[in-house]
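Just below is one structure, and these are the notes that go with it.
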Amino acid sequence: MTFSSCLTDEDSSLVLDASVVINLLATGHPIPILRALAMPIVVADNVVCEIERGAMNGRQELDLLARLIDDQVVRVAELEGGAVETFFELVSGNSSESLGDGEAATLAFAHGMGCSAAIDEKKATRLAADRFGSLKIVTTIDILAHDNVQASLGTARLADATFQALRRARMQVREHQFDWVVQVIGMENVEACSSLKRLAKLRVGSAPALWR
Amino acid sequence: MTTIIDKLSAAELGARLKVARETANVTQDASAKAAGIARTTLVAIEKGQRSARINELQALSRCYGVSVNSLLRRESVHVDLVPRFRSLPETGDAGIDQAARMLNDLVRAEVELENILGVQRTYNYPAEKMILPGDVRTQAEHDAQNLRNWLGLGEGPIQNLFAILELQLGMRVYSRRLDPKVSGLFAYDEAVGACVLINSSHRKDRRTQTGGHELGHFAATRRHPEVYQDEKYENSREERYANAFGRAFLTPARAVMEKFKELTTGSTHLTRRHVILLANFFGVSRQAMVMRLEELGLTKKGTWDWFKDNGNITDEQVRQVLGPAAYEASVVESAQSSRLFLLAIDAWKKDLISEGQMSEMLKVGRTQVRELLDEAAAEEDEADDLFKLPH
């Protein structure tokens, strides 16, 4: 298990995008996970609006998010000053170079505040690298693999949380995170996670002893 | 906070804001108040005489329930189907208004994706028929048969009406969860063509019936937007035509007569089993099937009422006759729109849209977006040179 979370205790605070919030809510343990990070967790109000709009067919996600806000596990923030300008830069222009409101607000806020952004979206990650070289981007798996989260949840709950995020929210996993995920949830559960199938297939060819 | 949005011209942004306000059905007074500006300022912004400021734009986008990105994206398309639905007698109903906005937004998304991907839509529309004096039902029977012939469908049952509407005729077809009383909507626009939205929370047979009705509107009254509520009284010749057209298209007279004869040979009475098998064969509801049999004189008038008064033809009986698998296939589906989904997946793969943009454009939640992308990834991994397309 060579992968280790790039989220460290030096990170001052963390801004969550909708792509990550949805995964964390699906884990079934969002409160202990976020509390274990022991850093301020922020969600831009545009992300809350986005989750509200996406909840048209069921309010479950919105209710869970409202609980996180009420319990002060996450703080909702409005963009201010220079971050607003950055936000408008990111939502304007050609389709290929613009982002949805939630993604743009997450990057603009994290950039403006000098903190890290948690985002699982590939286009947003690319644009962030292009425009803000110094901005640190982490993924949901980095949050789950953080030492404090692993210690706080314990093996069984971490396995359940990771498996539920994969199964219910189809959490995306990067290639370098795949081995860690499999160790956590167990090889027998890989088949049940559609977002892992592609990576699992790739591994069949590369490591025959382990994967066949 | 006075930065002016300079990526679009003031005139273009003003026009987009006006369409967004009208689509959301918000008055100029209310939106000016929401943005903290005078009504005259809002008028100037909509006319392109003054640029919107960032804070004003943010307030207006929230007031209209749209994203700032959809207002500012350069390729964003602005279609205004909603005001046409509002001109219908049902005006003011929240469920209908919401459905009209949904159709409008889905059409916008599809056209924008076509534009950014450089895809040209192919239309294959038959000439529009006029509703003539005389018995509209007779005319609908003829027109439905003619359209079947034109499409090369022969007399057989239609397995998937929506595939014919979308892939053979080139209509824009979507299904989403709508207010229960709204079965479907139809609109036609010179620039974007014929558009249909079907209520995905209805059963498959009812959705097909709605599709047949909307096809009737497309055949003869294309230029009139329409909201189909099938429990409403048929109060116009156009509605009677569309209903008769749908029936005739889905259950062609000759095919029904032949199948009826085949199934009832040796029987002395029409039974529930006959109705279930016939309805399943033609993919229509039990009620629609019995009414069609009555219409064609194959059973006495009042047969459906008799069934209704005597325990109906129940889901359980359908399950017994067809088996659980066939029955389960008839239930509610999740949001669908095959062509729009294909375009969106393609745009996402090319990194032209993000997951958040895709979710907003398709009007589906993140999890369904990820489901589409996972399926697409799985299909792509399967592909080898054998499946490579020549273009």
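For the segment B:369-378, counting C-beta atoms of other chains within 10 Å of every residue's C-beta and taking the mean gives 4. Among all helices in chain A defined by DSSP H, which have a length of 20 Å or more along the axis from Cα atoms plus a Kyte-Doolittle mean of at least -1.0? Membrane-span-like by this criterion, though nothing is claimed about a membrane: A:147-169.
Using only the heavy atoms of the protein chains and a 1.4 Å probe, how would B:78, B:213, A:29 rank by accessible area, largest first?
B:78, A:29, B:213
Note on residue B:151 and residue B:315: the model spin-label points, each 7 Å out from Cα along the C-beta direction, lie 2.8 nm apart.
On the basis of the beta-carbon distance and an R0 of 25 Å, residue B:342 and residue A:52 show a calculated FRET efficiency of 0.35.
Distance between the pseudo-spin-label points of residue B:137 and residue B:87 (7 Å out from Cα toward the beta carbon): 3.2 nm. Relative contact order for chain B: 14 percent, from Cα pairs under 8 Å spaced at least 6 residues apart, divided by residue count.
Listed by chain and number, the aspartates and glutamates whose C-alpha is less than 19 Å from the C-alpha of residue B:181, apart from same-chain residues fewer than 8 away, are B:90, B:93, B:97, B:205, B:214, B:226, B:230, B:231, B:234, B:239, B:333. How much net charge surrounds residue A:145 when only other residues with a Cβ under 12 Å from its Cβ are counted (Lys, Arg +1; Asp, Glu -1)? That works out to -2.
Kindly sort A:113, B:102 by accessible area of their heavy atoms, largest first, with the probe set to 1.4 Å.
On the way: A:113 120, B:102 30 Å².
The most accessible residue leads, giving A:113, B:102.
Rounded to the nearest 10 degrees, the inclination of helix B:272-282 to the longest alpha-carbon principal axis of chain B is 50 degrees.
What do you reckon, how do A:175, A:103 stack up by accessible area (1.4 Å probe), largest on top?
A:175, A:103
Using a probe of 1.4 Å, the accessible surface attributed to residue B:274 totals some 20 Å² when neighbouring protein chains are kept in position.
Structure note, pairs A:136/B:33; A:136/B:349; A:123/A:201; A:136/B:18; B:259/B:308; A:201/B:350: Cα-Cα distances above 28 angstrom occur for A:136/B:33; A:136/B:18.
Annotation: amide H of residue A:77 within the under-5 Å range of A:43, A:44, A:45, sequence separation 5 or more or interchain, hydrogens built in the peptide plane.
Take the Cα of residue A:4, step 7 Å along the line toward its Cβ, and report every residue of the stretch A:111-144 whose backbone nitrogen sits under 13 Å from that point. The answer is none.
For a Förster distance of 22 Å, can you work out the FRET efficiency between the beta-carbons of residue B:12 and residue B:55, rounded to the nearest 0.05?
Numbers: r = 20 Å, r/R0 = 0.90.
It comes to 0.65.
The lysines whose alpha-carbon is closer than 17 Å to the alpha-carbon of residue B:261, local same-chain residues fewer than 8 away aside, are B:300. Near the amide H of residue A:138, within less than 5 Å, lie the amide hydrogens of A:117, A:118, A:119, all on another chain or at least 5 residues away, with H placed in the peptide plane.
Would you mind classifying the stretch B:163-207 by shape? Square roots of the alpha carbon gyration tensor eigenvalues, ordered a ≥ b ≥ c; an a/c under 1.5 is rounded, otherwise it is prolate if a/b is larger than b/c and oblate if not.
oblate
Figure legend: label point modelled 7 angstrom from the Cα of residue A:66 along Cα→Cβ; residues of the stretch A:23-49 with amide N under 15 Å from it are A:48-49.
Taking the Cβ-Cβ separation of residue A:183 and residue B:375 as r and a Förster radius of 30 Å, what is the calculated FRET efficiency to the nearest 0.05?
Values: r = 27 Å, r/R0 = 0.89.
Approximately 0.65, to the nearest 0.05.
Averaging Cα coordinates gives a centre for the stretch B:79-135 and one for the stretch B:244-293; these two points are 32 Å apart.
Given an 8 Å cut-off on Cα distances and at least 6 residues of separation, report the relative contact order of the stretch B:1-157 as a percent. Each step should come with its number before you reach the end.
On the way: 134 pairs, mean separation 31.4, N = 157.
The value is 20 percent.
Here the label points at residue B:258 and residue A:200, each 7 Å from Cα along the C-beta direction, are separated by 4.7 nm in the simple model.
How much length is gained on full extension from residue B:120 to residue B:40, taking 0.36 nm per residue of separation minus their Cα-Cα distance? Intermediate results must be reported in sequence, preceding the final value.
Working: separation 80, 0.36 × 80 = 28.80 nm, distance 4.06 nm.
Net length gain for the segment: 24.7 nm.
Simple point charges give the picture: +1 on the Cβ of Lys and Arg, -1 on the Cβ of Asp and Glu, and for the stretch A:1-138 a dipole about the Cα centre of about 320 debye. Of the residues B:87, B:159, B:131, the one whose Cα sits farthest towards the positive end of the charge dipole of the stretch B:84-195 is B:159 (charges of +1 on Lys and Arg Cβ, -1 on Asp and Glu Cβ, taken about the Cα centre). On full extension, the segment bounded by residue B:29 and residue B:294 gains 89.9 nm, given 0.36 nm per residue less the C-alpha separation.
Let me make sure I get this right: for chain B, a, b and c are the square roots of the gyration tensor eigenvalues over alpha carbons, sorted descending. Under 1.5 in a/c it's rounded, otherwise prolate if a/b > b/c, else oblate. Which is it? Don't skip to the answer; put the middle values down first.
Numbers: a/c = 2.26, a/b = 1.75, b/c = 1.29.
Prolate.
Inter-part distance, the stretch A:43-112 to the stretch A:168-201, computed on C-alpha centroids, equals 27 Å.
The calculated 222 nm mean residue ellipticity attributable to helices in chain B amounts to -16500 deg cm²/dmol, summing -39500 (n - 2.57) over DSSP H runs of n ≥ 4 and dividing by all residues. Once you order the gyration tensor axes a ≥ b ≥ c over the Cα atoms, which shape class does the stretch B:123-266 get: rounded for a/c under 1.5, otherwise prolate or oblate by comparing a/b with b/c? Because its axes are fairly even, with a/c under 1.5, the stretch B:123-266 counts as rounded.
The mean sequence distance of close C-alpha pairs (under 8 Å, at least 6 residues apart), as a share of the length of the stretch B:207-266, puts its relative contact order at 48 percent. Look at the stretch A:97-110: the mean tally of other chain Cβ atoms within 10 Å of its residues' Cβ atoms is 5. Of the GluC sites (Glu not before Pro) found in the stretch B:204-255, the ones in coil according to DSSP and having at most 15 other Cβ atoms within 10 Å of their Cβ are B:231, B:234.
The values are calculated or read from the model by the stated rules, or taken from the named source; none is laboratory data. Because the structure is predicted, anything quoted here is derived from the model rather than measured. Neighbour counts are summed over all protein chains in view; Cβ atoms, including those assigned to glycine, are modelled from backbone coordinates with ideal geometry. Only protein heavy atoms, including side chains, enter the accessible area calculation; ligands, DNA and RNA are left aside. Shrake-Rupley method; radii C 1.70, N 1.55, O 1.52, S 1.80 Å.
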